[in-house]
Amino acid sequence: MIDPIWLIIGGASAIAFYMAWSIGSNDVANSMATAVGAKAITFKQAVIIAGVLNFVGAVFVGSHVSDTVRKGIITTTSIPNDILLLGFVASLLAAAIWVTLSTWKSMPISTTHSIIGALMGFGIIAGGFSAVQWGEVGRVTSSWILSPIAGCILAFFIFKIIVKTIFAKERPVKSAKIVGPIIFGFTAFLIVSSLFLKTCLSKTFNISNVHTIIIAFLSAVIVALIGIFLLRNIKEKGPEDYATVESIFRKLQVGTSCYVAFAHGANDVANAIGPVASIIPLAQGLSIGDQVMVPTWLLALGGIGIAFGCMTWGRRVMQTVGKKITSLTNTRGFSVDFGAATTVLICSKLGLPISTSHTVVGAVIGVGLARGLEAVDLSVIKKIVVSWAITLPVAAGTSIGIFLLLKTIVGG
Amino acid sequence: MNDENHIRTPVADTFRRKSPFGQLFEHMCKVKECVCILGDGVEKYYKGDYKDFSNVAEKVSKLEHEADLIKSNIRNHLPSHLFMPVDKGKFMWALREQDAILDHADNLVNMLDMRHTKIPKELQNLFIEHCKLVVKTVEAMEDAVCNLRDLVETSFVKREREQTKEFIYKVHEFEYKADIKKYEMTKGIYKLEKKLNPMDVYHLLKIADWVDDIADHAENVADWLRAMIAK
């Protein structure tokens, strides 16, 4: 006979895998679509990049946000362990159902908002209002407003920098060959420092923060120099050769789309595996606080789920979205990718679960405000706010319902 | 929006399927084609060759109609929540004036076709020169509008704005020359008024006006373009 604990863990992992699949097939594909739409990469390349780098991001940087999801929203000490166990299963299920439903209805909701809403709902019903850590919830929800704004501001400035240092110059191609790799080196700096600042890697290799900065700086310089070296043979085909500038950024955008995938994995993997990370110690009779780190195999499971989602259903999403955003050129796509990914990565390091898709939208609007796009439809902001307002109560309500149902079944 | 696809696509929702600038260029292509046909047709007409003119009139009318469809398509798809890098009002005015070129061209060919008025030998050259200047005005306007592409690509950097301004000066220059020609034509017509029958005088004066109107509207497009790119 199989131990029921393993049944619970297995079941929860299955739902988590489904959530990860759903994130990979929809959200990741959405954010990769800026590169596909700008024709920097093909669908096939996008799927491979998204698969591999989401996995890397999830495994190496995913633990911060997962920690917030598993013990930041609800006060785990005031609720008995068996109730907590049911509650996390209920929240996960509720979020999965809501995500599936909204995907079916094509509503731009966020998986992050669903899972946090579901956890809050369960917390309120299980332990009263005091069981929810409102301070932390406040920090998280304010990050949902701030992250699109941050994406917007970053994309705005990166695009302005590109305009001022490349397009405004007498010889744009010549400038692009230097400025492009430098911005890209800066990207490398952010990625490398995120990999080694307070992660399992820094512990394994015993790297201090100061060393991390040095390593990150060196890799940034190396990446920038390699970039300049690789682009050295590109010649301008005449005055005002903007097409060549775009083609340089097409190459760079391959890199930033990796950046997006990496940041995405780091943040969104938590939506799928955060609750499971709580369930496992509970099912084993431990309390949540006992375990210091989210188990790596779980992060890997989430990473594989996301990669799998991207490979199966993600292709269709990328095709649909890519077709719609063909007016996005590479300099714009680069700015969007950079603004969004940087915001997502910083939030991941701060342990803030945010919506990647909404941040990408913020970044697109940022480039639009910098007069970089022919037309930006601002009605999307309203749609996002509405989806926000619906998701929290609905996910919370569903979670409460499922929790009560499970409690009756188990307790009855 | 994508109900049959069952996906959540907030990123795609921020974009328009067709860019308003792309459609403005599409509309301009119709103007270009039309003015090209018109220029040749009117020159032949001035020389007394009315054989193919009905054909020209038909072609111009067809182009005018096609352009009208593009214009209403742009106008119907610029909701208030759409953010553009230029003032939407000015953009619409430029489009409107660009469309007015076609309206006047259409009017001109139909009026010319209704009554075949012989241009007096003494004025023939003047008329042809005027027509050529008007066509040149429109062509200069086309160059100015085309440069919008580079302006958008570079996010309106100074160099491109200066370039567009130069194109706009050219439009003004040609329009000014066309105006002067028109006064010479009118003077010429009045000089011959005793010789010509009154109906001919009337139609000749009208032709001068109608042709010149096209240049006026090309200039208006350029002016709105100038306002659009002003800092």
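Just so you know, all these numbers are worked out from the coordinates, no wet-lab data involved. No experiment lies behind these values; they were computed from the predicted model shown. Here the Cβ is made from the backbone with ideal geometry for all residues, glycine too, and neighbour counts use every protein chain on show.
Worth pointing out:
- Too-long pairs where the Cα-Cα distance tops 31 Å, listed order kept, from B:32/B:191; A:177/B:71; B:88/B:158; A:39/A:177: B:32/B:191; A:177/B:71
- Value of Rg/Rh across the stretch B:70-185 [Cα atoms, Kirkwood radius]: 1.07
- Counting every other Cβ atom within 10 Å of each residue's Cβ, B:50, B:190 order from fewest to most as B:190, B:50.
- Residues whose amide H falls under 5 Å from that of residue A:74, counting only those 5 or more places apart or on a different chain, are A:133, with hydrogens built in the peptide plane.
- With 0.36 nm allotted per residue and the present C-alpha distance subtracted, the residue A:211-residue A:404 stretch has 64.4 nm of extension available.
- Under 14 Å from residue A:174, Cα to Cα: aspartates and glutamates that are on another chain or at least 8 residues apart: A:236, A:240, A:241, A:246
- Cβ-derived FRET efficiency at R0 56 Å, residue B:195 paired with residue A:149, nearest 0.05: 0.15
- Loop-located chymotrypsin sites (Phe, Trp or Tyr not before Pro) in the stretch A:120-205, at most 16 other Cβ atoms within 10 Å (DSSP): none
- All alpha carbon pair distances within the protein assembly as shown were sorted into 10 Å bins beginning at 0; the resulting P(r) in whole percents reads 3, 15, 21, 18, 14, 10, 8, 5, 3, 2, 0, 0.
- Rounded FRET efficiency, nearest 0.05, which uses the C-beta distance separating residue B:143 from residue A:201 and R0 of 60 Å: 0.55
- Extending 7 Å from the Cα toward the beta-carbon at both residue A:14 and residue A:230 defines two label points whose distance is 4.4 nm.
- Fraction in percent of alpha-carbon pairs per bin - 5 Å, chain B: 1, 7, 14, 16, 16, 13, 10, 8, 6, 4, 2, 1, 1, 0, 0, 0
- Neighbour counts of C-beta atoms inside 10 Å place B:224, A:297 in the sequence A:297, B:224, starting with the fewest.
- Modelled FRET efficiency - R0 51 Å, residue A:300 with residue A:164, Cβ distances, 0.05 increments: 0.75
- The alpha-carbon positions of the stretch A:185-248 define a convex hull whose volume is 89 Å³ per residue.
- Excluding same-chain neighbours fewer than eight residues apart, the lysines reachable from residue A:203 by a Cα-Cα span under 21 Å are A:349.
- Inter-site label distance for residue B:36 and residue B:92 at 7 Å from Cα along Cβ, in nm: 3.2 nm
- Between residue A:379 and residue B:209, the distance separating the two model label sites (each 7 Å from Cα on the Cα→Cβ line) works out to 4.4 nm.
- Built from the Cα atoms of the stretch B:162-231, the convex hull projects on average onto 4.7 nm², one quarter of its surface area.
- Per-residue ellipticity at 222 nm computed for chain B from its helices equals -27500 deg cm²/dmol, with DSSP H segments shorter than 4 residues left out and the rest contributing -39,500 (n - 2.57).
- Taking every alpha-carbon pair in the stretch B:1-137 and binning the separations at 5 Å intervals from zero gives 2, 9, 17, 16, 14, 11, 9, 7, 6, 4, 3, 2, 1, 0, 0 percent.
- As a proxy for reagent exposure, ranking B:136, A:169 by other Cβ atoms within 10 Å from fewest up yields A:169, B:136.
- Beyond 25 Å in Cα-Cα separation lie the following of the pairs B:18/B:170; A:105/A:323; B:44/B:90: B:18/B:170; B:44/B:90.
- Whole-Hz ³J(HN,Hα) from phi, Karplus 6.51 cos²θ - 1.76 cosθ + 1.60, for the stretch A:51-56, glycine and proline x: x, 5, 6, 5, 4, 4
- With helices as the sole contributors, chain A gives -26500 deg cm²/dmol at 222 nm; each DSSP H run of n ≥ 4 counts as -39500 (n - 2.57), and the sum is divided by every residue.
- Among the residues of B:80-86, the average count of other protein chain beta-carbon atoms within 10 Å of the residue beta-carbon is 6.
- For residue B:83, distant residues with modelled amide H under 5 Å away: A:376, A:377, A:378
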